[in-house]
């Protein structure tokens, strides 16, 4: 019989980017609830600070750091501060991202492309680059990258976003192959449409409201409803925890069966 612990990530130190709301916030809340000391980062200081306050009010350990993940020097400085305060980085969740313009390849501008890649791709690059040396020194760690079902499949919308998420998928595999010898695991999660605050706003303005939006956006899913942020967070928790100690390089769809069809 296994021995029960205080939490699935008890005693670990976690950084979550894009943690002010949505799936990043849900991941930070769940990691804290399961025993981790969590550092939330985001460019939205009021919402990020409120999220950290809520975790502390619920009895968890959390603080907030203002961070633009596209700024390498800022990422390096925050990671250094986290290690100075907590002594280590056990878990990195690269969640920060933007969706960008809904344009096909032949219409996208260089400025639009570069702005999206600076966050969605370079944000993962800088986060990983500056966490890995600490993880090597301490003998291991877990990195969970947020990709998308469109990091696995194509469609006819949001071309730059989908290409960026494909890059995240490949970086996950590359880093898993590279750093496994140091005990560092790197995996990615691939959500379908999830009912985040952003999606709730879009759905509310959709003709027919959220019910019509849900029907259209779940047509190709086996489970005909939108996901919830906490459902994705549980996938993040598993990959971050020692329960997944022999899991690396995995692209985990959390998509209501979208990629199964």
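Exactly one of these conditions fails for residue 203: (1) surrounded by 22 or more Cβ atoms within 10 Å (Cβ to Cβ); (2) without any contact (Cβ under 8 Å) to a residue 40 or more places away in the chain; (3) in contact with a helix residue (DSSP H, G or I) (Cβ under 7 Å, 6 or more places away or on another chain). Give me its number.
(1)
Can you tell me which of (1) surrounded by fewer than 15 Cβ atoms within 10 Å (Cβ to Cβ); (2) farther than 20 Å from residue 199 by Cβ is the one residue 157 doesn't meet?
(2)
Would you mention how many residues in the range 181-204 are in contact with a strand residue (DSSP E or B) (Cβ under 8 Å, 6 or more places away or on another chain) and at negative phi?
12
Among the residues in the range 236-250, are any buried (at least 20 other Cβ atoms within 10 Å of the Cβ), closer than 19 Å to residue 157 by Cα, in contact with a helix residue (DSSP H, G or I) (Cβ under 6 Å, 6 or more places away or on another chain) and modelled with pLDDT of 95 or more?
Scanning the range 236-250, I find no residue that is buried (at least 20 other Cβ atoms within 10 Å of the Cβ), closer than 19 Å to residue 157 by Cα, in contact with a helix residue (DSSP H, G or I) (Cβ under 6 Å, 6 or more places away or on another chain) and modelled with pLDDT of 95 or more, so the answer is no.
What residue, of 132, 98, 121, is in contact with a strand residue (DSSP E or B) (Cβ under 7 Å, 6 or more places away or on another chain) and either closer than 24 Å to residue 235 by Cα or free of Cβ contacts under 8 Å to residues at least 12 places away in the same chain (or both)?
132
Tell me yes or no: at least one residue of the range 139-148 is part of a helix (DSSP H, G or I) and either touching a helix residue (DSSP H, G or I) at 6+ places or on another chain (Cβ under 8 Å) or at pLDDT below 95 (or both).
Within the range 139-148, not a single residue is part of a helix (DSSP H, G or I) and either touching a helix residue (DSSP H, G or I) at 6+ places or on another chain (Cβ under 8 Å) or at pLDDT below 95 (or both).
If a residue has to be buried (at least 19 other Cβ atoms within 10 Å of the Cβ) and farther than 30 Å from residue 174 by Cα to count, how many in the range 215-235 make the cut?
3
Which of the following residues is at pLDDT 95 or above, assigned by TED's automatic domain parsing to the domain that holds residue 72 and buried (at least 23 other Cβ atoms within 10 Å of the Cβ): 115, 131?
On inspection, the qualifying residue turns out to be 131.
Any residue that is surrounded by fewer than 24 Cβ atoms within 10 Å (Cβ to Cβ), modelled with pLDDT of 95 or more, within 18 Å of residue 234 (Cβ to Cβ) and out of contact with any helix residue (DSSP H, G or I) (no Cβ under 6 Å at 6 or more places or on another chain) - is there at least one of those in the range 61-83?
No, that holds for no residue.
In this structure, is residue 162 surrounded by 16 or more Cβ atoms within 10 Å (Cβ to Cβ) and part of a loop (DSSP other than H, G, I, E, B)?
Considered against the rule, which asks whether it is surrounded by 16 or more Cβ atoms within 10 Å (Cβ to Cβ) and part of a loop (DSSP other than H, G, I, E, B), residue 162 comes out as no.
Could you check the range 84-93 and list, in sequence order, the residues that are surrounded by 21 or more Cβ atoms within 10 Å (Cβ to Cβ) and in contact with a helix residue (DSSP H, G or I) (Cβ under 6 Å, 6 or more places away or on another chain)?
89, 91, 92, 93
The values are calculated or read from the model by the stated rules, or taken from the named source; none is laboratory data. Note that the coordinates shown come from a computational prediction; the quantities given were computed from them, not determined experimentally. Here Cβ is always computed from backbone atoms with ideal geometry, including for glycine, and neighbour counts include all displayed protein chains.
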